[in-house]
Every structure is written in C-alpha cells, then in structure tokens.
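Report on the following structure.
The values are calculated or read from the model by the stated rules, or taken from the named source; none is laboratory data. None of these values were measured; they are calculated from a predicted model. So basically every Cβ, Gly included, is an ideal-geometry build from the backbone, and we count neighbours across all protein chains shown.
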Amino acid sequence: MGFSSTVGTAAAAPLSHMIPKPTHRRCYCNSSSTSPAAAVRWRPWRPQLSHPPVPVSPQVLLPLRRPQQPSPANSPRPLPIKPSPRRPVVDAPDHSSHDDDDGDECSSSSGRNVKNSSCTPTDVLRLMDVLQLPVDEDLYVSLIKECAEYRDAAQGARVYAHIRSSLPDLLRRPAGLHLANRLLFMFAACGQQHVASQLFDQMHFRDATSLAVVIATLSASGNHGDALRLFVEMCVRSSGRSPVLEPGVCWLEALVTVLRSCARTRELGFGRQVHGLALKVLGGDDAVLLGDVGESLIQFYSRLGHHGSAVKLFEGTRSQSAAAWTCMISGYSREGRFKEAIGVFREMGRAGRRKNCHVFSSTLSACAKVGDGGWSGKQVHAAAIKLGTSSDGFVCSSLVDMYMKHELPTEAQRAFATMDGVRDCVCWKSLLIGYARSGCGVEAVKLLYEMKAAGINLQESIVHEAMTGFDNVKQVQET
C-alpha cells in the first residue's frame, strides 16, 4: 500500500476513534435533585481530603497576659503630663489615573514615604504583652525616639510607665542610664520642662548628657538662674576625686547654653569665667574658636557691649558662619557705628560667604540710620534680589522700615507687595507710620482699611503714632 492510499484512508476514517473517552461521564442534573443516585454520581468529582479537618479548641490559642498592676504601696505617682494633640493622619496619594506600568512603582515608592500614624507606641507595647514577648532596651529607645520626634508627651508618659512596671530596677542601675537620658531628652523636646526636672531629681546616676539636657531645658524655659547654678554644680562634680564628666560633646552643648543664659541675664563676670573654662576644657584658642562655642562667645560679648572682645574673637575664628557675621553687624549697629556695619556686610561679600535673611535684616537696620538717602539700602536690596531672599518676611519688614525712614514710600510699597506669606503687624505698622510721616494721608487711610480687612488688630499705640506723624507733618507745613 502506497503513501497516498494510506493518507486517503486516514482522511476518510471518522475522528471518533482518535479521541479518548473520559473515564467518568459528567452528570448535568438539576441542583434540586437529592436522590441517592445523584449523590453517587457526584461523588467521583468531589475533592478527596487527605486528612479530615481538625476542630480548633480554645486551649490551642495563647492566653492573653495583662500587664502587671503595681501594688498600691509601690505604685508611682502619675506624671503631670499636658494633653498633646493627636498626630495628623497622612493619606496616600491616589494613583488611579496613572498607567498600569507606572502604577505599581508609584504606589510602592509612596508607601515608603507615607508613615502610618494609626499605630502608636502604646499599641506596640500592648501587642508585645499579648504575645508574651519581652521588651528589650533597644525597643524602648526606638519608641522614645518616636515620641520625641512627634512631640507626643502623652505617649512618652505611657512608655515611661510601662518601663517602670515591667523593669522597675532598670532605671536605678548604671545600665539604665542611657535609657533614662533618652526619657529626659524626650520630655524636654516635648516641652515638659517640669517633668524633665522631676525625672532628673529621681535619677540615681547622672552623666554629662543628663546635666547638659537639663541645663538646656532650664535655659529654654527662661530659668537662666537655675541653669547657671546647675552648671556650677556640674563643674564642681567634675573637679572632684571621682569625676563623672569627661571633656566631650556634652561639654560643648553645655557651654553654648550657659553662654546664651549669661547673655540674657547680662552676667559679664560669669561669662568670662565660662570663657576661661572653655579654654581649659577644650584645649586652647583653636578649639574654642572652632564651632558653636566661638559663635556664642562673639554673641555674648557683642550683646553686653564689649565689641572689642567680640572683634578679636571674630578675627581669630577660622570658620566664620553667617551667625558670627550677623553678630558683628548687630554689634556695630548697637554702638551707633552704622558705616562699619555696612562695611562688614561688604567684606562678607568679598570673602565669598553665603548671606541669609538675618544678615540682610541686620544690615538693612543699619542702612535705615545712615543719612545717604537710602543709597546703601538700595544696594543691599539689589543683593537680596540677586540671592532670592528679597521676599522673606524679615527682609521685607526691614526694607519697608528702611525706605520709609528715608521718605521713599513708593519703594516701600513695592517691597511690601513682594512679601511672601502672611504679613506681620510690624510690617503693617512700619508702612502706616511711614505714610503718616511722609504726609500721604489718603494712602494711610486706605492702609487702615486694608489692615482691618486682613484681620490685623489695630492697637491704640499704632493709631497714636500715626496721628503723631500727621501732626508733625502739619507743623512743618505751617512753618
């Protein structure tokens, strides 16, 4: 038989013998059929379970362990924590309008940046208690850092209570000093200065970090005298037989804070002693003049009127920051040497230093008192426009005051119009008094209506100064 005849015979044969027949025939019956025969026919199609399902008993689940309740005799008193606002819930952006290719990428990248604020440190501790897992010191430190970041004093107090209930002896040992310092810093960062002071008094062991945090807390709350007394105690302890302090970063922070307190309380003698201590602890003039301590010394001497000492420190400082330049400009202006203050600003430009809004504001205050018709102020204004800081609130307020003192209301109005954000009362007051002194009565009245529409509280002193300016202009015109 040839090849053609074989192909023809295969083509003419039916296809039914080539398709294998199924082992079980599918039964298409109604769902209402409940006969035993129907159940038998459906049995081969049901999945066969290798093991029968095991019922869940209550004994398999872990029992819930409640936190230990302290005894009434040893129960700590609750801390006087002020209620803090809840964290804002940040919603993830909607990526439904993006393409399918970029949708997953956008959602994954946004999920890393959006922080879920529904889970609090208290929830984490409650979950650890339910699972009967011990909470180590690292987890406590992480939760305390989160409370300090969000300024949540209420959650921080709950974490502190959990530490005292679960590990009551940890804070009493030297091993718990790091955790106690974290708690101290957290309460200070949340604005609970009285709680931080109470915790500091209860600490059995203290180091440089503890003292530096409390000194900064007292200084920030305005208790400069207590901060200075605690700094004296810090120095006395470090000079004893068993010093608890070592020269380091904590000394730098404490020295900076104490110098600021000396400048606020105008303690010149105490500040000079702190200067000598800085030379002793940090190891010479080079270490003192390098960093925040040198800037604090310049600011201290400049505020107390000893500008010569500030100039010597400034000339010996190698890392001259914008804060040091601002202190020099303000010091010259405070002594009435306005041309020298403007010269410091020009020297800063020749040195290639970056100027910020505080430098421009201090320089414009000096330009307002120089009798050059506003020429130097216009140059400073041009430099601010070049660096992109002319629309800052501090700079605009200084520009308005400078132009109005030189009787240039048009330029002052232009600077006022370019201000970003909310205009403060000082800027409105400068513009109003400038209009009154320049004799622009119509513009002053319009500005009063604008201030009322903007929600500015028209104080009696502002209106009185404006009326005084009108009276002075009228007297000049009559003479």
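Points to keep in mind about this one:
Each row is one residue, and each column tells you yes or no for (1) crowded, with 16+ Cβ neighbours inside 10 Å; (2) at positive phi; (3) in contact with a Lys or Arg (Cβ under 9 Å, 6 or more places away or on another chain).
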| position | (1), (2), (3) |
| --- | --- |
| Tyr150 | yes, no, yes |
| Arg158 | yes, no, no |
| Pro174 | no, no, no |
| Arg182 | yes, no, yes |
| His194 | no, no, no |
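- Set side by side, the residues Ser302, Ser296, Ser309 differ, and just one is part of a helix (DSSP H, G or I) and in contact with a Gly (Cβ under 9 Å, 6 or more places away or on another chain), which is Ser302.
- One residue alone among Val442, Val395, Val380, Val426 is more than 18 Å from Asn356 (Cα to Cα), hydrophobic (A, V, I, L, M, F, W, C) and in contact with a helix residue (DSSP H, G or I) (Cβ under 8 Å, 6 or more places away or on another chain), and that residue is Val426.
- Yes/no for Gly176 being within 25 Å of Ala216 (Cβ to Cβ) and outside any helix (DSSP H, G or I): no
- Count of region 261-273 residues which are surrounded by fewer than 20 Cβ atoms within 10 Å (Cβ to Cβ) and in a helix (DSSP H, G or I): 7
- Residues (on the phi < 0 side of the Ramachandran plot and touching a residue at least 60 places away in the same chain (Cβ under 8 Å)) located in region 130-148: Val130, Leu131
- On the stretch given as region 344-368, residues that are loosely packed, with under 14 Cβ neighbours inside 10 Å and either of a type in the set (Lys, Arg) or part of a helix (DSSP H, G or I) (or both) total 4.
- Selection status of Leu170, buried (at least 18 other Cβ atoms within 10 Å of the Cβ) and more than 17 Å from the chain's Cα centre (by Cα): no
- Just one of the listed residues (Val236, Val214) is at pLDDT 85 or above and either of a type in the set (A, V, I, L, M) or crowded, with 18+ Cβ neighbours inside 10 Å (or both), and it is Val214.
- When Ser221 is tested against (1) at pLDDT below 85; (2) more than 30 Å from Arg303 (Cβ to Cβ); (3) of a type in the set (Ser, Thr, Tyr), exactly one condition is not met: (2).
- Region 350-377 - residue that is out of contact with any helix residue (DSSP H, G or I) (no Cβ under 7 Å at 6 or more places or on another chain) and at pLDDT 90 or above and, of those, farthest from Ala324 (Cα to Cα): Trp375
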